[in-house]
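**Student:** I'd like to ask you about the structure that follows.
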Amino acid sequence: MPRTKNTSSPTPAPSGSASAPADEGQYQGATPQEAALLRQLDCGKSSGGSPDKATEVIAACDQKGTAKYVLNKSIIEGTEIKDAAPVFDQQNLGGWQISLDFKGSGQAIWANYTSKHNAQVSPGDVANRVAFVLDGKVVSAPEIQTTINGTTSVTGDFNETSATELANALKYGALPLTFTQQEAQTVSPTLGSDQLRAGMLAGGIGLALVVVYSLIYYRALGLVTIASLAISGVITYACLVILGRQIGFTLTLAGIAGFIVAVGITADSFVVFFERLKDEVREGRSMRSGVPRAWVRARRTILSADAVSFLAAAILYLLAAGAVKGFAFTLGMSTVLDLVIVFLFTHPLVSVASRSKTFSSPRFSGLGAVAQLAAEHARAAAAPPSATARAAARRTRIAKES
């Protein structure tokens, strides 16, 4: 926030230790109260100044800790700064300066103050110098040269780096941010290892249930599910090893939870494909002829479902923080790997297996009940109409004729 310099000398007083004896000439021009503030201030401490209260006179150091200031009450709050940017000044021997803009109310206050205090109106007046204060430290203390009604130009011995740093301090330091601690957890190594083992156990149980269900419900097709999950596990482990070595990725409990959820997503892809295949067999086709048609119908659904899952994981990764970010990362990675496995392994494996008489036999493949139902429908359609059906048809014709 801009403050007026309150000492009578336009040159900052040199820094000194708070414990050093006060020299009567050390703070020439300062009132006894101001000199007391300066003597109490130790620029070597991390605070670098007294609490920055806008309505009080304070003592502050510069950011390098080489100068002390006594500053009057705040002229403008930092929230009134609209923008600040480094500008290359071609007219000033190619130097750098900072272009500073205030909001409407701040600009009016600034214009009024600079009209009364500048080097042309009152040369040598200490009020002509202002200080920009951030976190209790002076980031800049320029002198007002003239009345400023528009954009303020802060000039000095700046290069591109120092001009950018000052512009960022003025612009982002003006943000009215406060931080509230939501949660803090301290996890011991023993508890962390216990949680990791519990997560791995939960993942193993879930995977075992998926395998058992696939074998009971799909039989031979369940073997395809198991093989696909095994390949998916190998590829996932390889990705984790590569990420760990290249970017230092560490698998956490939240990341394990993402993999557990991804097992369900992968199993859903197999279920969609196999159920489409059942529909084709139910319509009277063989397993071999039904696989291509079932794949065309299933892949659209698989792509749509995985796209939604990946989009959700990406948004969660961008917006979340901490452990949730790890969950989103593993979920998104597993979703991508699911597409790779289904398209490059599961579908080709089912296509090759469907050419085997043993694998495609209704009893072994798990499609026996569906094939039997299709055969019954075919026999019913080919059989001649029964007497009851003929009588019903006659009554319908008579009713229509009457």
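The values are calculated or read from the model by the stated rules, or taken from the named source; none is laboratory data. Note that the structure is predicted; figures quoted are calculated from it, not measured. Cβ atoms come from the backbone with ideal geometry, glycine included; neighbour counts cover every protein chain shown. What goes into the accessible areas is simple: the full protein's heavy atoms, side chains included, and nothing from ligands, DNA or RNA. Shrake-Rupley method; radii C 1.70, N 1.55, O 1.52, S 1.80 Å.
**Student:** Which condition from (1) within 22 Å of Thr236 (Cα to Cα); (2) in contact with a helix residue (DSSP H, G or I) (Cβ under 6 Å, 6 or more places away or on another chain) is the one that Ser351 breaks?
**Tutor:** (1)
**Student:** Give region 71-86 a look and list any residue that's at pLDDT 85 or above and crowded, with 19+ Cβ neighbours inside 10 Å, or say none.
**Tutor:** Ala84, Pro86
**Student:** Hey, another quick one. State all residues of region 113-145 that are closer than 14 Å to Cys61 by Cβ and buried (at least 16 other Cβ atoms within 10 Å of the Cβ); if no residue qualifies, say none.
**Tutor:** Ala131, Phe132, Val133, Leu134, Gly136, Lys137, Val138, Val139, Ser140, Ala141
**Student:** Another question, then. Considering only residues that are of a type in the set (Val, Ile, Thr) and either free of Cβ contacts under 8 Å to residues at least 60 places away in the same chain or open to solvent by 10 Å² or more (accessible area, probe 1.4 Å) (or both), which ones fall in region 332-355? Let's see the steps before the verdict.
**Tutor:** At the first step, the residues of region 332-355 found to be of a type in the set (Val, Ile, Thr) are 335-336, 340-342, 346, 350, 352.
Across region 332-355, the qualifying residues are Val336, Val340, Val352.
**Student:** For Ala399, which of the numbered conditions (1) crowded, with 17+ Cβ neighbours inside 10 Å; (2) modelled with pLDDT under 85; (3) not hydroxyl-bearing (Ser, Thr, Tyr) fails to hold?
**Tutor:** With (1) crowded, with 17+ Cβ neighbours inside 10 Å; (2) modelled with pLDDT under 85; (3) not hydroxyl-bearing (Ser, Thr, Tyr) applied to Ala399, the lone miss is (1).
**Student:** Within region 303-311, is there a residue that is of a type in the set (S, T, N, Q) and without any contact (Cβ under 8 Å) to a residue 40 or more places away in the chain?
**Tutor:** yes
**Student:** Continuing with the same structure: If I ask for residues that are in contact with a Lys or Arg (Cβ under 9 Å, 6 or more places away or on another chain) and among the hydroxyl-bearing types (Ser, Thr, Tyr), which ones from region 102-146 would you list?
**Tutor:** Ser122
**Student:** Oh, and also: Does Arg245 fit the bill of being among the charged types (D, E, K, R), more than 27 Å from the chain's Cα centre (by Cα) and either over 16 Å from Phe343 (Cα atoms) or crowded, with 19+ Cβ neighbours inside 10 Å (or both)?
**Tutor:** On the way: among the charged types (D, E, K, R): yes; more than 27 Å from the chain's Cα centre (by Cα): no; either over 16 Å from Phe343 (Cα atoms) or crowded, with 19+ Cβ neighbours inside 10 Å (or both): yes.
In short, no.
**Student:** Same structure again: When the residues of region 43-70 are filtered to those that are farther than 15 Å from Val139 by Cβ and loosely packed, with under 14 Cβ neighbours inside 10 Å, which remaining residue is modelled with the highest pLDDT?
**Tutor:** Once the filter is applied, the top-ranked residue is Glu56.
**Student:** Which one is nearest to Thr31 (Cα to Cα) among residues in region 55-75 that are out of contact with any Lys or Arg (no Cβ under 8 Å at 6 or more places or on another chain) and charged (D, E, K, R)?
**Tutor:** For region 55-75, the residue satisfying everything is Lys68.
**Student:** If you take the residues of region 146-158 that are out of contact with any Pro (no Cβ under 7 Å at 6 or more places or on another chain) and more than 23 Å from Ser105 (Cβ to Cβ), which of them is least open to solvent (accessible area, probe 1.4 Å)?
**Tutor:** Applying the filter and picking the extreme gives Phe158.
**Student:** Does any residue of region 253-274 turn out to be open to solvent by 20 Å² or more (accessible area, probe 1.4 Å) and hydroxyl-bearing (Ser, Thr, Tyr)?
**Tutor:** no
**Student:** Kindly evaluate Phe329 against the criterion of being closer than 16 Å to Ala298 by Cα and either in contact (Cβ under 8 Å) with a residue 40 or more places away in the chain or surrounded by 15 or more Cβ atoms within 10 Å (Cβ to Cβ) (or both).
**Tutor:** No, not satisfied.
**Student:** Sticking with this structure for a sec: Only one of Leu311, Leu318 is among the aliphatic types (A, V, I, L, M), more than 23 Å from Gly233 (Cα to Cα), open to solvent by 70 Å² or more (accessible area, probe 1.4 Å) and assigned to a helix (DSSP H, G or I). Can you tell me which?
**Tutor:** Leu318
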